[in-house]
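A quick write-up on the structure given underneath.
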Amino acid sequence: MLMAAGILKVVPMDHEHKHLDRIYIEDLKLSCIIGINEDERLNQQDIVINITIFADLSKACQTDNIKDTVDYKKLKTTIVAMVRNSSYYLIERLADHIARICLEIPLIEKVIVKVDKPLALTYARTVRVEITRTRDMI
């Protein structure tokens with residue numbers, strides 16, 4: 001809504017502001033080569049991945065058909081294979097690659113990816129990177 005010269009104007013929402021449902025993949029624990037230090041390049045480290053997927057799931061709610069939603073088991077399998085075979089220096093880059101995999105699925109409009117590296121810092125429980133990517137960013 002806009003207010004100009006005392007007139008209230010209703011502006012219709014475009015597709016970017018439509019309601020999007022969410023699917024969460026939480027605490028996906030994997031090991032991979034990640035880091036900049038010499039020992040990190042030789043030994044796999046534990047990471048924890050959390051993904052929030054934004055998509056319009058209304059059709060799946062009506063049809064009860066897997067073809068009308070995000071097949072999160074298939075998505076998880078793709079992400080696990082990529083992560084296990086990766087050797088990035090930065091968790092930022094790993095998170096971006098995970099987001100791009102998600103956005104290859106046409107139904108997904110937006111994704112938030114969090115990657116934790118629990119043993120990165122002494123005295124800290126974890127270090128986390130959180131990125132947000134949308135379809136128009138890829």
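The values are calculated or read from the model by the stated rules, or taken from the named source; none is laboratory data. Here the structure is a predicted model, which means the values were calculated and not measured. So basically every Cβ, Gly included, is an ideal-geometry build from the backbone, and we count neighbours across all protein chains shown.
For the reader, a short list of remarks on this structure follows.
- Here is the figure for the range 70-91: residues that are surrounded by fewer than 13 Cβ atoms within 10 Å (Cβ to Cβ) and either modelled with pLDDT under 95 or under 28 Å from Glu38 (Cβ atoms) (or both) total 4.
- Within the range 110-125, tally of residues that are loosely packed, with under 13 Cβ neighbours inside 10 Å and either of a type in the set (S, T, N, Q) or closer than 20 Å to Arg84 by Cα (or both): 1
- Yes/no for Ala99 being modelled with pLDDT under 95, in contact with a strand residue (DSSP E or B) (Cβ under 7 Å, 6 or more places away or on another chain) and either of a type in the set (A, V, I, L, M) or surrounded by 15 or more Cβ atoms within 10 Å (Cβ to Cβ) (or both): no
- Of the residues making up the range 61-116, those that are in contact with a Lys or Arg (Cβ under 9 Å, 6 or more places away or on another chain), assigned to a helix (DSSP H, G or I) and among the charged types (D, E, K, R) are Asp68, Asp96, Arg100.
Here is a yes/no grid of residues against (1) touching a Cys at 6+ places or on another chain (Cβ under 6 Å); (2) over 16 Å from Asp46 (Cβ atoms); (3) hydrophobic (A, V, I, L, M, F, W, C):
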position: Thr77; (1), (2), (3): no, yes, no
position: Met82; (1), (2), (3): no, yes, yes
position: Tyr88; (1), (2), (3): no, no, no
position: Leu107; (1), (2), (3): no, yes, yes
position: Lys110; (1), (2), (3): no, yes, no
position: Ala124; (1), (2), (3): no, no, yes
position: Arg128; (1), (2), (3): no, no, no
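- Here is the figure for the range 43-96: residues that are touching a strand residue (DSSP E or B) at 6+ places or on another chain (Cβ under 7 Å), farther than 16 Å from Ile23 by Cα and among the small types (Gly, Ala, Ser) total 3.
- The residues in the range 117-138 that are closer than 27 Å to Ser58 by Cβ and assigned to a loop (DSSP other than H, G, I, E, B) can be counted, and the count is 1.
- Unique match (being surrounded by 13 or more Cβ atoms within 10 Å (Cβ to Cβ), hydrophobic (A, V, I, L, M, F, W, C), within 17 Å of Leu30 (Cβ to Cβ) and touching a residue at least 24 places away in the same chain (Cβ under 8 Å)) among Leu57, Leu94, Leu107: Leu94
- Scanning the range 102-133 for residues that are over 28 Å from Asp39 (Cα atoms) and not charged (D, E, K, R) returns Cys102, Leu103, Ile105, Pro106, Leu107, Ile108, Val111, Ile112, Thr132.
- Residues in the range 19-54 that are closer than 28 Å to Val70 by Cβ and loosely packed, with under 10 Cβ neighbours inside 10 Å: His19, Asp27.
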